[in-house]
1. Within the set of pairs 6 or more residues apart or between chains, which connect a residue that is closer than 23 Å to Ser112 by Cβ inside the range 54-80 to a residue that is assigned to a helix (DSSP H, G or I) and of a type in the set (D, E, K, R) with Cβ atoms less than 7 Å apart?
Amino acid sequence: MAKILMVDDSRTSRKLLRGLLEEAGHEIVGEATNGQEGVQQFQALKPELVTMDITMPVLDGVEALKMIKALDKNSKVIMVTAAGQKNKVMECIKAGADEFITKPFEAKEITSAVEKVAGNKE
């Protein structure tokens, strides 16, 4: 199963996501509360996969995604979006996002996105 770094400024979202991912057998190797922390933890922890909220303080998910892809073009990043963020979604696709999941989380959606992305190792 995948070693995952979660990046989200919402503690509730991280807690929900952690529960769903661990239940599916994945390992959460780190949590970050903004994009800047996320990029730092990505470098330190070398996770197999990152879940990245789009809207965060300090550094948003789109910029953090671009920085992570610049550090490792093979990195796997799943963007977490709230409804109504279509323009940001397009920006994330251009920046190399591997998949999207929407809040509120649905267990099946999350596990299938993670399996799809983690399963296609280079």
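Read-outs: derived from the displayed coordinates by stated rules, not from any lab. Treat the numbers as computed from the prediction; the structure is a model and nothing was measured. Heads up, the Cβs are rebuilt from the backbone with ideal geometry, glycines too, and the neighbour counts pull from every protein chain shown.
1. Close Cβ pairs satisfying both conditions: Ile54/Lys88; Ser75/Lys69.
So that you can scan it fast, the table gives a plain yes or no per residue for (1) of a type in the set (A, V, I, L, M); (2) within 13 Å of Val80 (Cα to Cα):
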residue: Ser13; (1), (2): no, yes
residue: Leu17; (1), (2): yes, yes
residue: Ile28; (1), (2): yes, no
residue: Glu37; (1), (2): no, no
residue: Leu45; (1), (2): yes, no
